[in-house]
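The values are calculated or read from the model by the stated rules, or taken from the named source; none is laboratory data. What you see is a predicted model; the values in this text were computed from it and never measured. Here Cβ is always computed from backbone atoms with ideal geometry, including for glycine, and neighbour counts include all displayed protein chains. Heads up: the accessible areas ignore ligands, DNA and RNA and are worked out on the full protein's heavy atoms, side chains in. Shrake-Rupley method; radii C 1.70, N 1.55, O 1.52, S 1.80 Å.
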Amino acid sequence: MPEEVAPEAVETAPVQPIIRNRHFMFLWMAQAISQIAQNAINFGLLVLVQERTNSTTHMAVAVLSFILPGVLFGILAGVYVDRAQKKTILITTNLLRAVVVLGYLVFDQSLGLIYAVTFVFSIISQFFAPAEAAAIPMLLPKQQLIAANSLFNLTFNGAQLIGMVLVAPLVIKLFGTGVLFGSIAVLYLVAAFL
């Protein structure tokens, strides 16, 4: 029969709300910004390809150029991130994505190069997600991990709504895809700074 522990014998450490942890909040803000940017890119890419080709086949190739790197490089990226410094990877991937997104502006008339930009962008993104997930337990005590992971999941889902349904369509309608991609590059720089 298991031995009962008196309630007063159980160690209870006061748990500060996760929002008081400055480093966690910077990571969370960077996650929110980069996820919104990521989802806005997905929408913007489809609009760009649709405008250039009016072809569902080319739309499928665009989606494939974004998904395929996850299949090919996802596991390798996770193994690499596991052995590397997470902060460096988070900063570097956001800086690289800021630069690569500008490729949509430079190569917007060449479908092959648009697909190549998307492929490279997606490869870089494979390193960001595992580094971000691994950084959370490094910044918070064990008692706060459930709340932190819940906040990150909520942000992930909210970023899809904000990026794909609100930000990208509005910016494209008002200013065009060029302004969208330029703005996203700035968002990635902000995320890298955070």
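Note on region 12-46: among residues that are more than 19 Å from Ile162 (Cα to Cα) and open to solvent by less than 60 Å² (accessible area, probe 1.4 Å), the one that is farthest from the chain's Cα centre (by Cα) is Ala13.
In summary, helices (runs of 4 or more DSSP H) completely within region 47-157 and bearing 3 or more residues that are open to solvent by 20 Å² or more (accessible area, probe 1.4 Å) and in contact with a Phe, Trp or Tyr (Cβ under 9 Å, 6 or more places away or on another chain) occur at 56-83, 86-101, 111-139.
Considering each of Arg97, Arg83 in turn, give the residue that is without any contact (Cβ under 8 Å) to a residue 12 or more places away in the chain and basic (Lys, Arg).
It is Arg83.
For the residues Phe128, Phe119, Phe107, the requirement of being in contact with a Ser or Thr (Cβ under 7 Å, 6 or more places away or on another chain) and modelled with pLDDT under 95 singles out Phe128.
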